Amino acid sequence: MNSKFDDKNIYNFWESNGYFNADVKSQKPTYSLLMPPPNLTGELHLGHAMQHSVLDAIARFKRLQGFNVLLLPGVDHAGIQFESTFDKKIAREKLSKQKLGRDKWLEEAWKFKDEVYKSVSHTWRFLGISADWSREVFTLDEGPRRAVYFQFKTFWDKGLIYKGPYIVQWCPKDNTAIENVELEYEERKEKLYFLKYGPLTLATARPETKFGDTAMAVNPNDKRYKDYVGREFEIETLAGKKKMQVIADSAVDPKFGTGVIKVTPGHDFTDYEIGKRHNLPIVTVVDKHGKLTEIAGKYAGMKVLEAREAMLSELKEKGILVKTEDYVHNVAVCERCKSVVEPLISEEWFVKVGDIAKEAIHVINADNIKFLPKNYKKILVEWLDSIHDWCISRSLWWGHRIPVWYPSAQDARSGKVANAKISLESPGKGWVQDEQVLDTWFSSGLWPMSTLGWPSGDKGAFDSDLAKFFPWDFEITAPEIKYLWIARMIMLSKYFVDDIPFKTMFFHGMLRDLEGRKFSKSLGNGIEPQYLIDNWGVDATRMALYTYAIPGRDGRVSRATLDERGKNFRNFGTKLRNVARYIIDLKQPATRDQRPVENGDDKKIIEDLEETVKKVTKNLESLELHLAVEEIYEFVWHKFADKYIESTKQRRADAQPTLEHVLKQVLILLHPFMPFLTEELYQKFEVKRESIMIEDWPITKI
RNA sequence: GGGUUCGUAGCUCAGCUGGUUAGAGCGUCUCGUUUACACCGAGAAGGUCAGAGGUUCGAGUCCUCUCGAACCCACCA
């Protein structure tokens with residue numbers, strides 16, 4: 001080992017000795033942990049640091065216990081998020097998608113990805129993550145690419161994939177359809193407009209979509225309008241007079257506004273459903289850039305809010321606008337870019353997931369997956385129970401391109417699927433590939449399998465990997481992606497390999513600021529892990545993070561509160577270093593050729609140590625890292641240092657064997673949490689193994 | 001509207017399946033620089049565990065309600 005004990009040398013020493021690598025041929029029992037791949041859009045944040053520190057602690061603990069451990073690392077291409085980050089970056093360089101074109105853009109995007117990856121990779125090593133880097137995977141690598149293709153092809157062959165017009169949440173800024181789960185809601189103060197439609201008056205928050213109305217609707221039980229149902233009236237519109245029918249649909253809330261609504265199937269989810277039930281035509285008023293279409297006459301080309309403002313006077317003039325009221329409601333915005341999303345009709349690809357979700361519910365109800373906290377079982381089942389078809393296409397460039405090829409450019413433009421071929425590569429000259437890419441989660445959902453080489457075409461090493469390490473013993477994630485990711489992994493694992501993806505699913509809490517807000521770039525309330533590491537060192541930072549690693553419990557933190565814990569554990573590290581100095585560096589050899597004599601204090605500390613070993617082992621097995629940390633802390637500082645070591649000062653030589661024994665055991669117990677310091681101090685022993693990483697976890701008598 | 005979680009010392013929080021005088025860190029106060037450590041040691045103050053009721057021999061821990069905080073899901077025409 002290198003004589004200099006700085007963290008970097010220690011890390012290189014571990015890595016070059018191959019301690020991080022899992023062995024497919026090992027006879028030892030296996031323990032596998034799957035790292036949730038961080039998005040390659042920036043540096044790792046505090047949540048990642050906590051997550052990965054937890055993974056590493058468990059991996060190190062299991063190695064010491066004698067398991068053949070696989071901690072598999074990887075990163076995610078994170079479609080929308082990466083693309084918007086990258087587009088912002090090139091915009092600062094006065095470039096754009098249009099200027100670069102798809103091929104050049106992708107080339108530059110990969111360069112950017114490599115840059116970001118460097119910082120992520122550096123932070124991982126800095127944190128001491130003992131992952132098997134030889135198996136690192138990126139979601140756009142060849143392996144996942146084949147897995148994604150296999151998935152698409154299978155769904156296609158089974159008739160589970162379809163393309164069709166569908167009302168989607170459209171983000172005009174990112175220029176793509178997004179899923180409900182990618183939305184946020186913001187409370188807005190707007191107006192409710194009361195408009196005269198023939199004999200009826202109705203309330204709407206969106207008068208600008210008036211051009212797309214194809215009916216009026218009332219609740220079937222609403223006596224006030226009973227006589228109007230089924231009749232047709234002539235309506236005054238801004239584009240002349242128009243005939244419109246009154247229909248009855250139970251989706252209408254009689255208590256809202258006047259109890260009458262206008263039905264705009266092209267731009268509202270409820271109206272879309274109503275329209276389907278009553279065979280109403282769909283008229284597109286708002287385009288994908290958030291601007292009004294030609295149908296809006298002189299308002300065409302205006303943005304939604306401009307048009308709304310502009311048309312008011314004409315509505316008033318013509319006597320259509322009866323009155324307005326203040327109206328507070330929630331507006332859906334894009335979680336990534338915060339722009340108001342526009343429900344509109346778009347050609348998208350979908351997967352029918354109903355039956356797959358039902359299977360997943362069975363899997364969850366069979367209780368083979370241990371959820372921490374356990375109430376997430378119920379939460380996931382409820383979501384799966386009310387699942388809708390999965391929109392898997394995104395109008396992006398960054399991601400797995402949809403493996404559908406059209407025989408001609410014309411077919412591609414019109415999206416005519418009839419003669420299309422499913423293929424990873426071009427089927428031949430003249431074939432044109434679908435423009436869209438697949439939803440990021442379409443590849444992330446396969447992560448537990450694709451990282452192990454599934455699906456293997458050649459029955460090579462990959463098969464044995466899957467047999468050896470799947471299902472994963474441990475997975476951890478933030479609760480916010482429980483549906484997007486966790487539910488999908490359960491569904492897809494069941495569907496493709498008929499098994500659970502992981503045995504234990506740990507949902508850690510979210511680290512928030514003192515007001516309880518999420519950390520985000522826009523709020524500027526983030527705290528970088530590097531800040532803590534610079535101040536208190538890696539080991540202390542890890543310890544501080546473990547105190548927050550409680551399933552389902554959010555932690556409210558500020559620089560001050562984190563500094564407090566960081567400082568505390570820095571001090572703890574110093575304490576331990578001094579303990580080792582006293583025991584080993586300042587060792588006092590026995591003056592006489594005598595066997596050391598044990599006394600009651602020695603027995604007591606050994607008993608206390610055994611008790612601590614028992615508790616720490618139990619806490620690690622049950623994944624209560626915060627309790628394990630507390631136990632060791634209490635033992636080392638207050639029992640070992642304050643009491644026992646003080647008591648040995650009069651009988652140093654007699655106590656020496658006990659001092660050394662307890663210290664060595666403590667270092668092993670602490671190694672999963674403070675890997676660097678424990679290795680450094682372990683190297684002081686004369687009799688030792690090559691590294692603390694290949695020590696044995698103390699056996700507990702139960 | 002449906003669901004989940006939380007409300008414990010000045011602050012940030014632990015407290016597993018209910019069991020003796022409720023814990024930690026930081027902060028505050030007193031004392032102490034004896035050769036592991038002042039990034040230290042010895043000690044102290046500080047809590048009717050949000051409130052009310054219930055189950056129990058016994059509740060911070062279980063149940064009900066009230067008040068307060070946060071988050072998730074759905075809807076928002």
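The values are calculated or read from the model by the stated rules, or taken from the named source; none is laboratory data. Computed from a predicted model, the values in this text were never measured in an experiment. So basically every Cβ, Gly included, is an ideal-geometry build from the backbone, and we count neighbours across all protein chains shown.
Data for the structure
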read-out: Tabulated pairs, segment A:651-671, first at negative phi, second among the hydroxyl-bearing types (Ser, Thr, Tyr), C-beta under 6 angstrom, 6+ apart or interchain; value: A:Ala655/A:Thr648; A:Leu667/A:Thr678; A:Leu667/A:Tyr682; A:Leu670/A:Thr678; A:His671/A:Thr678
read-out: Residues of segment A:278-296 satisfying the condition of being within 25 Å of A:Val246 (Cα to Cα) and surrounded by 13 or more Cβ atoms within 10 Å (Cβ to Cβ); value: A:His278, A:Leu280, A:Ile282, A:Val283, A:Thr284, A:Val285, A:Val286, A:Ile295, A:Ala296
read-out: Subset of segment A:250-271 (residues that are over 14 Å from A:Thr214 (Cα atoms), not in a helix (DSSP H, G or I) and not polar (S, T, N, Q)); value: A:Ala251, A:Val252, A:Asp253, A:Pro254, A:Lys255, A:Phe256, A:Gly257, A:Gly259
read-out: Single unsatisfied condition, A:Arg553 versus (1) charged (D, E, K, R); (2) at pLDDT below 85; (3) outside any loop (DSSP other than H, G, I, E, B); value: (3)
read-out: Test: residue in segment A:177-191 that is away from RNA strand B (no atom under 11 Å from the Cβ) and either under 30 Å from the mean Cα position of the chain (by Cα) or under 30 Å from A:Ile10 (Cβ atoms) (or both); value: yes
read-out: Tally, over segment A:262-279, of residues that are polar (S, T, N, Q) and either under 17 Å from A:Leu192 (Cβ atoms) or touching a residue at least 60 places away in the same chain (Cβ under 8 Å) (or both); value: 2
read-out: Checking A:Ile632 against (1) within 10 Å of RNA strand B (Cβ to nearest atom); (2) modelled with pLDDT of 90 or more, the condition it does not meet; value: (1)
read-out: Qualifying residues in segment A:79-126 (those that are aliphatic (A, V, I, L, M), in contact with an Asp or Glu (Cβ under 9 Å, 6 or more places away or on another chain) and within 18 Å of A:Ser395 (Cα to Cα)) - the one modelled with the highest pLDDT; value: A:Ala109
read-out: Contacts under 6 angstrom Cβ, first residue in segment A:583-596 being at pLDDT 80 or above, partner among the aliphatic types (A, V, I, L, M), 6 or more apart; value: A:Ile583/A:Leu659; A:Ile583/A:Leu663
read-out: From A:Gly566, A:Gly573, residue being near RNA strand B (Cβ under 8 Å from one of its atoms), modelled with pLDDT of 85 or more and surrounded by 13 or more Cβ atoms within 10 Å (Cβ to Cβ); value: A:Gly573
read-out: Residue list for segment A:195-239, filter: within 13 Å of RNA strand B (Cβ to nearest atom), in contact with a Gly (Cβ under 7 Å, 6 or more places away or on another chain) and under 17 Å from A:Val322 (Cα atoms); value: A:Leu202, A:Ala203
read-out: Segment A:637-676, residues that are touching a Lys or Arg at 6+ places or on another chain (Cβ under 7 Å) and within 12 Å of RNA strand B (Cβ to nearest atom); value: A:Trp637, A:Ala641
read-out: Filter pass, A:Glu686 being free of Cβ contacts under 8 Å to residues at least 40 places away in the same chain and within 12 Å of RNA strand B (Cβ to nearest atom); value: no
read-out: Qualifying residue in segment A:183-206 (condition: in contact with a Leu (Cβ under 8 Å, 6 or more places away or on another chain) and in a helix (DSSP H, G or I)); value: no
